Amino acid sequence: MESPSAESFLRQMATLQALERELTTLSQSGRLRGSLHLAQGQEAVPAGACAALQPSDYLTATYRGHGYVLAKGCSLDGVLAEILGKATGLACGKGGKMHLFDLSHGLLGTNGIVGAGVGSVVGAALTAKMDRNGRVGLTVFGDGAINQGHVHEAMNMAALYQLPVIFLCENNLYAEMTPLHRSHGNVNLLERASSYGMDAIQVDGNDPFKVYEVVKKAVDLGRSGGGPTFIEALTYRTVGHYQADAGTSYRTLEEIEEWRQNSPIKRLSARIGPDAEKIIDEADELVHEAVERALGSPDPDPATALQGVFA
Amino acid sequence: MREITFAQACNEALRHELQRDSSVFMIGEDIAHYGGMFRVTDGLMAEFGEDRIIDTPISESGFLGMALGAALAGKRPVAELMFIDFSLVAMDQILNNIAKTHYMSGGAAKVPLTIVTQGGGYKGAAAQHSQMLEALFLHVPGIKVVTPSTPADAKGLLSASIRDDNPVLFIEHKQLLNLKGHVPEGEHLVPLGSAHVIQPGTDVTVLTYSYTVQLCRNVVQELSSFGVSVELVDLRSLNPLDWDTISQSVTKTHRVLIVHESHKRCGVGVDLAAQIQEQLFDELDAPIGICSAADVPIPFAAGLESEVLPTESRIRKAILEVMGREV
């Protein structure tokens with residue numbers, strides 16, 4: 001599998017950026033319910049990582065995982081309609097932004113609980129090994145999830161059974177509002193993961209090519225029976241943890257500004273040159289039209305709220 | 001019909017389902033090489049191999065999360081949780097993830113996952129190895145709860161649980177595992193949500209499940225010689241609940257006692273009593289009785305434990321109270 005072009009990466013990242021801009025507007029005007037966890041500044045990780053996966057590979061992501069969902073190939077219309085609580089959404093309005101599922105694209109769920117989707121991917125990877133179907137599973141989580149017991153149980157078992165899993169940790173330096181040095185006894189995440197007996201690699205998470213490269217290598221290792229890999233993607237959330245957090249009370253403005261200048265979209269746009277603006281404009285338009293379509297979609301029939309607890 | 005133990009009956013159901021459906025596999029602690037703490041998985045690894053009978057580390061949250069992922073990927077996993085008490089370290093996976101995934105996905109995802117576990121007291125296993133925690137799982141929608149009391153029902157309900165397209169918590173009772181009984185050979189299915197009227201009666205309905213069914217049987221026999229006609233109903237599964245059988249029985253006897261081993265507060269008895277008084281208030285001739293564990297942790301010493309858990313004498317007393325008879 002060849003690496004996507006710079007233009008293709010930018011399109012993916014700009015789509016995520018546009019989606020978040022639209023969602024912010026909708027949230028501020030009260031048309032979007034619930035929490036909104038943005039991934040601004042982190043767009044290169046989903047773009048690079050998902051480019052190394054096949055549609056049939058498994059994925060779980062976090063409540064900040066809509067970029068992965070889109071990059072995995074799930075329908076923008078289905079995702080937007082779900083985020084807006086519409087009947088045409090991926091989950092018919094029952095899941096919302098934190099609970100996106102699309103089994104046809106290997107998406108086993110985004111999750112509202114930190115670290116909770118990690119075991120699912122390890123289990124799906126177990127079935128891939130059982131059936132020898134060559135699939136791999138990728139689970140993305142943040143540096144905060146590294147302190148959840150479930151994540152460590154899952155990492156241990158993936159290494160024990162030599163399962164085709166990529167543990168992709170987005171290290172954006174803050175677990176919600178708490179910096180690493182105040183939440184991690186050992187801030188060296190590679191050491192913590194490699195202690196389970198798997199390769200652990202750090203990568204510049206603001207460069208989609210580099211992310212693609214390391215994930216591709218991990219995917220190849222998994223497909224060939226070589227077991228799991230842990231990848232730490234260094235990145236930065238240039239906005240708050242969620243819509244009500246400005247993100248400035250626990251970080252300096254200088255630090256935020258420095259990362260904004262280093263944002264993956266800025267970096268890639270500079271590399272592409274004048275064509276970048278056009279790509280970004282196109283993504284804006286594409287997403288805006290999708291938002292209009294989603295807003296015009298029907299609301300779920302209230303009676304459906306009481307249905308579907310069991311299959 | 002031949003007699004086998006409750007544990008052997010579960011083993012037969014597992015073997016049968018593993019044979020008939022290649023998507024069924026098992027995952028849990030000490031289930032493969034060792035054959036299970038209570039021998040429920042004895043011999044399965046030899047027959048089905050280590051790929052389908054998988055020993056895990058002591059990581060309940062981890063392997064239940066894996067079972068969920070495997071179910072989403074098309075398998076029909078059976079996860080063994082050695083003690084129901086250990087579910088408490090995995091509640092996020094069970095109740096936030098396994099139970100909710102079908103609904104949260106708008107029906108797109110199915111979770112055909114059976115968690116086989118074992119609970120209950122009377123053995124001096126003390127506060128962290130003696131609990132019946134079914135009420136916790138009934139409170140959160142999305143997981144079925146099955147509580148057999150006989151070897152035959154254990155086999156039939158376990159097969160039905162594994163074939164169900166939903167998460168099921170199948171609770172064995174440690175006092176029942178060595179109980180012998182007649183069990184049909186070959187395929188045997190008992191549908192979830194079907195209560196069993198063990199003994200018809202006219203004076204009072206006793207609703208119970210799991211090990212306390214056996215205690216109630218003895219009491220009911222004894223009371224019949226004193227002219228008290230008890231209708232003894234084994235609920236067998238608590239979600240789904242066989243409301244029709246409950247309703248018919250209450251409409252016949254007009255008096256109800258609910259017996260269970262778990263605690264009273266926010267428990268099954270309180271829940272059933274609420275449903276019965278809401279829907280059958282005019283049928284009742286007496287307040288609904290509940291005989292349950294006292295609301296304290298399960299103590300260790302024999303004399304203390306029997307003070308807390310339902311006993312035959314306590315059940316007898318409770319039945320007579322509902323009857324309005326002198327105790």
**Asked** D for the range A:1-46, whole µm²/s, Stokes-Einstein with Kirkwood Rh over alpha-carbon pairs at 37 °C and 0.692 mPa s: what number?
**Response** 277
**the range A:165-235: proportion of alpha-carbon pairs further apart than 21 angstrom, %** = 27
**chain A, relative contact order [Cα under 8 Å, separation at least 6], %** = 25
**Request:** For residue B:278 paired with residue B:20, estimate the spin-label separation in nm (one decimal), with each label point 7 Å from Cα along the Cα-to-Cβ line.
**Result:** 3.5
**Fill in**
The relative contact order of the range B:3-182, taking Cα pairs under 8 Å that sit 6 or more residues apart, comes to a percentage of 27
**Amide hydrogen neighbours beyond the local backbone of residue B:145, cut-off 5 Å, H modeled** = B:169, B:238, B:239
**Request:** Equivalent ellipsoid semi-axes for the range A:1-141, as square roots of 5 times the alpha carbon gyration tensor eigenvalues: give them largest first, rounded to whole Å.
**Result:** 25, 18, 12
**Message:** Going by amide H atoms built from the backbone, whose H comes under 5 Å of the H on residue B:291, apart from near neighbours?
**Reply:** B:258, B:259, B:260
**Asked** Where nothing but the Cβ of Lys and Arg (+1) and of Asp and Glu (-1) is charged, how large is the charge dipole of the range B:196-323 around its Cα centre, in debye to the nearest 20?
**Response** 220
**Fill in**
Between the residues A:248, A:224, A:263, the Cα farthest towards the positive end of the dipole of chain A, that dipole coming from +1 and -1 charges on the beta-carbon of Lys, Arg, Asp and Glu, is from A:224
**Prompt:** Which pairs in the list B:155/B:180; A:97/A:217; A:129/A:216; A:72/A:217 are over 22 Å apart, alpha-carbon to alpha-carbon?
**Reply:** A:97/A:217
**Prompt:** Binned at 10 Å from 0, what are the whole-percent values of the Cα-Cα distance distribution for chain B, short to long?
**Reply:** 6, 27, 34, 23, 9, 1, 0
**Complete:** Karplus-derived 3J(HN,Hα) from phi for the range A:79-88 (6.51 cos²θ - 1.76 cosθ + 1.60, θ = phi - 60°), whole Hz, x at Gly and Pro, runs 5, 5, 4, 5, 4, 8, x, 9, 5, 8
**Sorted largest first, extent of the range B:3-182 alpha carbons per principal axis (Å)** = 44, 36, 30
**Request:** Mind grabbing the base-10 log of I(q)/I(0) for the range A:187-309 at q = 0.09, 0.22 Å⁻¹? Debye formula, identical points on the C-alpha positions, no solvent, two decimal places.
**Result:** -0.50, -1.19
**Karplus-derived 3J(HN,Hα), 6.51/-1.76/1.60, for each residue of the range A:230-246, Hz, glycine and proline x** = 9, 10, 9, 9, 7, 8, 7, 8, 7, 10, x, 4, 8, 4, 8, 10, 6
**Asked** With the Cα gyration tensor of chain A giving a ≥ b ≥ c as the square roots of its eigenvalues, does the rule (a/c under 1.5 for rounded; else a/b larger than b/c for prolate; else oblate) give rounded, prolate or oblate?
**Response** rounded
**DSSP bridge orientation in chain B - percent antiparallel, rounded to nearest 5** = 20
**Item:** Rg(Cα) / (2.2 N^0.38 Å) computed for the protein assembly as shown, rounded to two decimals
**Value:** 1.07
**Message:** Let me see the P(r) profile for the range B:196-323: every Cα-Cα distance counted, bins of 5 Å, each bin given as a percent of all pairs.
**Reply:** 2, 11, 23, 25, 20, 12, 5, 2, 0
**4 °C / 1.567 mPa s Stokes-Einstein diffusion coefficient of the range B:105-155, Kirkwood radius on C-alpha pairs, µm²/s** = 96
**Item:** Straight-distance crosslink candidates among lysines, where the alpha carbon sits under 16 Å from residue B:110 and sequence neighbours closer than 8 are dropped
**Value:** A:94, B:75, B:100, B:144
**Request:** Could you work out the equivalent-ellipsoid semi-axes for the range B:187-252, taking the square root of 5 times each eigenvalue of the Cα gyration tensor, largest first, in whole Å?
**Result:** 22, 14, 9
**Message:** Can you compute 3J(HN,Hα) from phi for each residue in the range B:304-309, using the Karplus curve 6.51 cos²θ - 1.76 cosθ + 1.60 with θ = phi - 60°, rounded to whole Hz and x for Gly and Pro?
**Reply:** 7, 4, 6, 6, 9, 8
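Bear in mind that the values in this text are calculations on the coordinates, not laboratory data. Computed from a predicted model, the values in this text were never measured in an experiment. Note that we place each Cβ from the backbone using ideal geometry, even for glycine, and neighbour counts take in every protein chain shown.
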